[in-house]
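We did not get these values from a lab; they are worked out from the coordinates using the rules stated. None of these values were measured; they are calculated from a predicted model. Neighbour counts run over all protein chains shown; Cβ positions are idealised from the backbone, glycine included.
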Amino acid sequence: MTWYKSLPDESITSWKVLGKLFSRHFMASRRHPKSEASLEVIVQGKDESLRAYIERFNKEVVQVSTITHMKKFLLERGLRPRSDFAKAVGIETHVTLEEFFLKAQAYIQYEEKEAAHAVRNSRQEENTKGARQDDSRSGSDKKKDKGRDSKNYKALAGKFRE
């Protein structure tokens with residue numbers, strides 16, 4: 001409406017003129033379809049999981065009109081070089097996009113299992129380290145507490161004797 005109200009008075013002489021003015025004004029803001037070139041720049045990051053890379057690629061690929069073989073080619077091309085999965089799909093030939101995703105799912109599950117294992121190990125190490133620190137502290141604390149307990153006992157015993 002702002003654009004329409006900004007038009008000079010009597011500048012619209014027909015529907016055809018209005019259509020041309022409208023198209024010219026709003027052409028730049030029109031969504032243009034993405035090309036295969038936009039998919040070429042999507043590559044798996046150094047520390048990016050296979051799941052995250054495939055999800056990011058799939059989010060973009062739905063906006064590109066291209067054949068399935070090209071999607072598979074670009075997806076494979078964007079894999080982190082020399083990763084286990086890149087090696088596996090690089091060795092095989094004549095794999096469809098569906099087979100690619102099935103194989104990827106197995107590698108994703110393995111990556112996630114390994115990540116969970118690493119988290120568990122780091123937590124166990126932290127717990128073990130914390131327990132060792134508590135043991136070393138509690139030894140000196142016990143001596144202090146023992147001294148305090150004997151003093152408290154003597155003081156209490158003295159009160160009961162009175």
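Step through the table entries Lys59/Lys113; Lys34/Lys71; Lys71/Lys103; Lys46/Lys87; Lys46/Lys129, compare each Cα-Cα distance with 19 Å, and write down the pairs that go over it.
With Cα atoms farther than 19 Å apart: Lys59/Lys113; Lys46/Lys129.
Could you run the Karplus curve 6.51 cos²θ - 1.76 cosθ + 1.60 with θ = phi - 60° over segment 66-82 and give me ³J(HN,Hα) per residue in whole Hz, x for Gly and Pro?
For segment 66-82, the Karplus curve yields 8, 7, 4, 4, 5, 4, 4, 4, 5, 5, 5, 5, x, 5, 4, x, 6 Hz.
From the backbone phi of segment 98-111, what are the Karplus-calculated ³J(HN,Hα) couplings (6.51 cos²θ - 1.76 cosθ + 1.60, θ = phi - 60°) in whole Hz, Gly and Pro given as x?
Once θ is set to phi - 60°, the couplings for segment 98-111 become 5, 5, 4, 5, 5, 5, 4, 4, 5, 5, 4, 4, 5, 4 Hz.
If amide hydrogens are placed 1.01 Å from N in the peptide plane, which non-local residues have theirs closer than 5 Å to the one on Arg80?
Here Gln44 satisfy the definition.
Need one number: nm distance between label points at Ser49 and Gln105, each 7 Å from Cα along Cα→Cβ, rounded to one decimal.
It is 1.7 nm.
Applying 1/(1 + (r/R0)^6) with R0 = 25 Å to the Cβ-Cβ distance of Ser122 and Ser83, what FRET efficiency is obtained, to the nearest 0.05?
0.65
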